[in-house]
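S.K.: Below you will find the structure I want to go over with you.
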Amino acid sequence: LADLDPSFIINVRDALTAAMGLITQSDAYYQYSKDGKLLPSGEFIRRQFNSNEYELYVQDTWKLRRNLTVIAGLRYSLMPPIYEANGYQVNSLQSLSGWFDERVGYARAGKSQDNVTPLSFTLKELEGGRDLYSFNKKNFAPRVSVAWSPEGDGDWARKIFGAPGKTSVRAGFGMYYDLFGSGLVTNFDRSASGLTTNVTNPSASLTIANAPRYSGFSNVPSSIVIPAPAGGFPQQAPDLFAILNGLDDRIQAPYTMNLNFSVSREFSGSWLAQVAYVGRLSRRSLISEDVAMPTNLVDPSSGIDYFTAAKYLAQNVRDGVDIADVKAHPYWENMFPDLRTGTESATQTAYDVYGWFLPDATYGLYYLDVECYPACSKLGQYAFFNRQYSYLRALRSIANGNYHGGQFTLRKRFSNGDQIDFNYTLSKSIDLASTAERNTTGIIINAFSRRQFRAVSDYDMTH
């Protein structure tokens with residue numbers, strides 16, 4: 001493998017694993033009752049999720065003048081949290097937002113992730129239990145629109161606006177809230193620790209010598225299946241480097257602000273021309289991010305963060321720099337002193353490791369931080385990663401997007417046997433993930449630098 005192009009090593013590694021029939025990962029799902037009793041295989045608890053929503057809308061119209069009308073309204077939405085009717089509802093004792101912030105704090109201070117408070121879970125009905133998210137009580141959504149038909153008194157005004165009723169100027173603004181769907185809760189409930197517990201074996205401990213081989217589609221090798229953890233609440237998630245879903249209890253109802261402004265003018269011969277601006281601004285959109293991703297650990301001595309140091313190695317690998325020409329970098333020399341050998345600096349050894357796995361730089365960090373191969377940082381194992389979770393996807397209200405469009409319309413109404421309709425739009429849409437809010441698969445790749453994912457929307461159409 002060392003002689004292969006670094007960008008191809010991962011593909012070869014995965015192909016060889018499959019060719020040799022190595023089974024390196026097992027996922028076990030265990031079901032429990034509320035009292036912590038493990039259910040027999042095939043049995044499950046039927047959940048019933050309930051929700052209540054209340055809406056109120058008031059509106060009035062004011063004709064300030066015969067050619068000027070204003071309409072204003074206000075919608076108020078009450079959205080109590082969705083809940084499980086029979087008490088089979090689990091939440092983490094800590095807020096996932098607070099837990100993520102704690103991880104960020106230790107990383108910025110140059111401290112190990114082993115200092116972070118372990119995540120624990122309990123039932124809503126027990127001490128420390130709470131709703132899945134807060135009761136949204138401030139969802140006021142105003143609407144206002146104005147319609148004006150200017151009337152020209154002078155010659156120039158009549159040429160511009162035409163006869164009364166020939167020109168129309170309109171503007172509008174409205175806020176619109178989205179309700180949380182049941183999909184949000186059921187997605188979280190699939191891996192609710194303590195009721196539906198999913199455990200994955202730590203595959204990094206397996207080698208070609210000891211990994212079980214494929215022997216049949218329904219033959220599950222028991223040697224890599226993690227036994228069911230003890231039931232009951234409260235329950236601390238085990239240190240299994242698991243891959244699970246979570247739910248940020250600070251999520252709030254997403255909303256959009258829609259804007260429009262248009263000027264239309266009728267001409268003789270049944271022709272009409274219109275120019276308009278249309279905007280849509282989305283805020284607090286739901287999107288996922290991995291709150292357990294390896295942190296951007298800062299070196300207190302140099303003030304350099306991990307992403308900067310990893311970028312230095314990655315760029316050198318991409319440029320094909322010979323390892324002997326890789327200059328010492330303060331981050332690697334300070335944070336990973338045990339990587340130094342008699343012939344290589346710590347930076348050069350790290351460069352060698354990252355060269356094996358790029359473009360998957362995270363796997364290079366995994367080898368250093370979790371496997372401690374060739375050596376861990378001076379903070380020890382799990383300075384960057386979290387022992388409990390290798391991946392904890394949490395749905396959060398942190399996305400936003402902006403759409404701005406200019407529209408032009410030229411229309412000839414049906415007369416004398418024909419009609420014409422020409423429309424043109426020039427627009428731009430920018431967002432973080434290009435996924436609909438009903439779709440929970442959108443994810444921000446780097447939770448520590450979300451704006452890196454901000455770009456022109458996948459569905460953007462300039463013309």
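S.K.: I need the calculated FRET efficiency for the pair THR117 and ASP35, taking r as the beta carbon distance and R₀ as 30 Å, to the nearest 0.05.
M.R.: 0.70
S.K.: Mind checking the range 384-463 for chymotrypsin sites (Phe, Trp or Tyr not before Pro) that DSSP puts in a loop (not H, G, I, E or B) and that have at most 13 other Cβ atoms within 10 Å?
M.R.: For chymotrypsin sites (Phe, Trp or Tyr not before Pro) across the range 384-463 that sit outside H, G, I, E and B with at most 13 neighbouring Cβ atoms in 10 Å, the list reads TYR459.
S.K.: In nanometres, what is the gap between the two model label sites at ASP319 and VAL220, each 7 Å from Cα along Cα-to-Cβ?
M.R.: 5.1
S.K.: Relative to the Cα centre, what is the charge dipole magnitude of the range 309-388, using +1 at the beta carbon of each Lys and Arg, -1 at the beta carbon of each Asp and Glu, and rounding to the nearest 20 debye?
M.R.: 260
S.K.: Just flag the trypsin sites (Lys or Arg not before Pro) in the range 396-426 sitting in loop per DSSP whose Cβ has no more than 12 other Cβ atoms within 10 Å.
M.R.: none
S.K.: So what is the accessible area of the range 9-81 per residue, in Å², with the probe set to 1.4 Å?
M.R.: Accessible area per residue, the range 9-81: 68 Å².
S.K.: What is the distance, in nm, between label points placed 7 Å from the Cα along the Cα-to-Cβ direction at ALA328 and at ASN416?
M.R.: About 8.8 nm separates the two model spin labels.
S.K.: Here's another thing I want to ask about it. Among the trypsin sites (Lys or Arg not before Pro) in the range 33-74, which ones are in a DSSP loop with at most 13 other Cβ atoms within 10 Å of the Cβ? Mind listing them?
M.R.: Hits after loop and neighbour filter: LYS37, ARG46, ARG66.
S.K.: Something else: How far, in nm, would the chain grow between LEU281 and PHE408 when pulled straight, counting 0.36 nm per residue and subtracting the alpha carbon separation?
M.R.: Roughly 43.6 nm would be gained on extension.
S.K.: Place +1 on the Cβ of every Lys and Arg and -1 on the Cβ of every Asp and Glu in the range 337-401, take the dipole about the Cα centre, and give the residue among ALA346, SER397, LEU365 whose Cα lies farthest towards its positive end.
M.R.: Projecting each Cα onto the dipole axis, the largest value belongs to SER397.
S.K.: Going down the table (LYS111/LYS311; LYS111/LYS138; LYS37/LYS378; LYS111/LYS137; LYS34/LYS378; LYS34/LYS138), which pairs top 31 Å between alpha carbons?
M.R.: Too far apart for the 31 Å limit: LYS111/LYS138; LYS37/LYS378; LYS111/LYS137; LYS34/LYS378; LYS34/LYS138.
S.K.: Working out 0.36 nm times the residue gap between LYS311 and GLU344, then minus their Cα-Cα distance, what length gain in nm do you get to one decimal?
M.R.: That pair, LYS311 and GLU344, stretches by 9.9 nm at full extension.
S.K.: Report the label-to-label distance for ASN210 and PHE267 in nanometres (one decimal), using points 7 Å from each Cα along the Cα→Cβ vector.
M.R.: Taking the two extended label points, one gets 8.3 nm.
S.K.: Of the listed values (i) 47; (ii) 25; (iii) 53, grab the one calculated as percent of Cα pairs over 37 Å apart from the structure here.
M.R.: Computed from the coordinates, percent of Cα pairs over 37 Å apart corresponds to (i).
S.K.: So, one more: Any chance you could tell me what percent of the C-alpha pair distances in the range 116-194 go past 16 Å?
M.R.: It works out to 74 percent of all Cα pairs.
S.K.: Within the accessible area of the chain, what % is carbon and sulfur when the probe is 1.4 Å and the other protein chains stay in place?
M.R.: Ligands and nucleic acids excluded, carbon and sulfur reach 54 percent.
S.K.: I would also like to ask the following. Any chance you could run the full-extension gain for GLU125 through GLU102? It's 0.36 nm times the residue separation minus the Cα-Cα distance, nm to one decimal.
M.R.: Stretched out fully, the GLU125 to GLU102 stretch lengthens by 5.7 nm.
S.K.: So, in Å, what gap is there between the alpha-carbon centers of the range 53-107 and the range 136-152?
M.R.: 20
S.K.: In addition: Using a Förster distance of 56 angstrom, determine the FRET efficiency expected from the C-beta separation of LEU16 and ALA147, and round it to 0.05.
M.R.: Efficiency at R0 = 56 Å is approximately 0.20.
S.K.: Given a cut-off of under 8 Å on Cα pairs at least six residues apart, what relative contact order in percent is computed for the chain?
M.R.: Over the chain, the number comes to 17 percent.
S.K.: Does a label point 7 Å from the Cα of LEU179, set along Cα-to-beta-carbon, have any residues of the range 28-54 with amide nitrogen under 15 Å, and which are they?
M.R.: 49-54
S.K.: Treating only the Cβ of Lys, Arg, Asp and Glu as charged (+1, +1, -1, -1), what charge dipole size does the chain show about its Cα centre? Round to the nearest 20 debye.
M.R.: Using Cβ point charges on Lys, Arg, Asp and Glu, the chain gives about 2240 debye.
S.K.: Say a paramagnetic label sat at a point 7 Å from the Cα of PHE140, along Cα to Cβ; which residues of the range 156-183 have their backbone N under 18 Å from it?
M.R.: 173-178
The values are calculated or read from the model by the stated rules, or taken from the named source; none is laboratory data. Nothing here was measured: the structure is a model prediction, and the numbers come from that model. Note that each Cβ is placed from the backbone with ideal geometry, even for glycine, and that neighbours are counted across all protein chains shown. Calculation scope for accessible area: heavy atoms of the full protein, side chains included, ligands and nucleic acids excluded. Shrake-Rupley method; radii C 1.70, N 1.55, O 1.52, S 1.80 Å.
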